[in-house]
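Asks: Structure below; questions to follow.
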Amino acid sequence: MDRIYAPWRIEWVERNSDPIDGCPFCVLPKREDDRESRIVARSERNYVLLNNAPYNPGHAMVIPREHHEDPTDLDDGALLDHARLKAATLTAMRRDVDPDGVNTGQNLGASAAGGSVDHLHTHVVPRWEGDTNFMPVTGETKVIVEAIDRTYGHLHAGFAAGDDVVDPGDAESGEAVELDFDV
Ligand SMILES: [Zn+2]
C-alpha cells in the first residue's frame, strides 16, 4: 500500500542556541535574520519557512502570520494569500530545487498533528525517486545545517526569479524574498 500523506513532523535544528519562547511560528518571523530563522519568502499575510527535517532539506511550510489553528479561522484575504504563496512555493521549488514530485497538506487537530505546534501551516515537501538516497539519513547536525543552507539558497533564488516580487531580498545577508499578490 502506498502512503500518500505522512504525518510530517516539524523538526528544529537551530544554528544558534537562542531558545524559542512561545509559538515558534509567531516568534520566528519577528526575528531580524530570516536566513537564521530559515524564512525564505514573505507575502502580506503569510510566509514560507524551511522545516529542518534531517532527510528532506527542501521541506517547506506556508504559514499565516496571524496565529490560527484551522483554515476555517482565516479571512478570505489571508486564505487567498495563503493559496497564492503555496503556488509560488511550488513554482520556486520546481524552478530551482527540481523535485520529481511534491506532497502538500495540512495536519489539523491533535490526533493528526505531527508535532506540538498548533499554528496552522501547509507542508510543501519535494520528493525524489528513491528519496532516501537524496541525502544520507544522518543525525549529524553539521551535515543537516549545510544541506539546509544550500536548499535555502536554491529556494530563495527560485522565489526571486518568479512573479509578484516586490523585493528580491538577499539570501546571504538573511533577507527573505518579499512578494505581494495584491489580493
Ligand atoms: Zn503562532
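Every number here is computed from the coordinates shown, using simple stated rules; none is lab data. Being a predicted model, the structure only gives us computed values, none of them experimental. For neighbour counting, all protein chains shown are included, and Cβ atoms are generated from backbone atoms with ideal geometry for every residue, glycine included.
Asks: List the residues, sorted by chain then number, that are 5 or more residues from A41 or on another chain and whose placed amide H is less than 5 Å from its amide H.
Replies: Amide H neighbours of A41, under 5 Å, 5+ apart: V48, V177.
Asks: Using the Cα gyration tensor of the stretch 61-122, with a ≥ b ≥ c the square roots of its eigenvalues, what is the shape: rounded (a/c below 1.5), prolate (a/b larger than b/c) or oblate (neither)?
Replies: On the way: a/c = 2.73, a/b = 1.41, b/c = 1.94.
Taking the square roots of the gyration eigenvalues as a ≥ b ≥ c, the stretch 61-122 is oblate.
Asks: Here's another thing I want to ask about it. By per-residue mean of other Cβ atoms within 10 Å, what is the highest-first order of 147-158, 33-44, 76-87?
Replies: Top of the packing list down: 33-44, 147-158, 76-87.
Asks: Contour minus end-to-end for H67 and C23, with contour as 0.36 nm per residue of separation and end-to-end as the Cα-Cα distance?
Replies: 15.0 nm
Asks: Taking H as built 1.01 Å from N, whose amide H comes closer than 5 Å to the amide H of N103, not counting residues under 5 places away?
Replies: V125, R127
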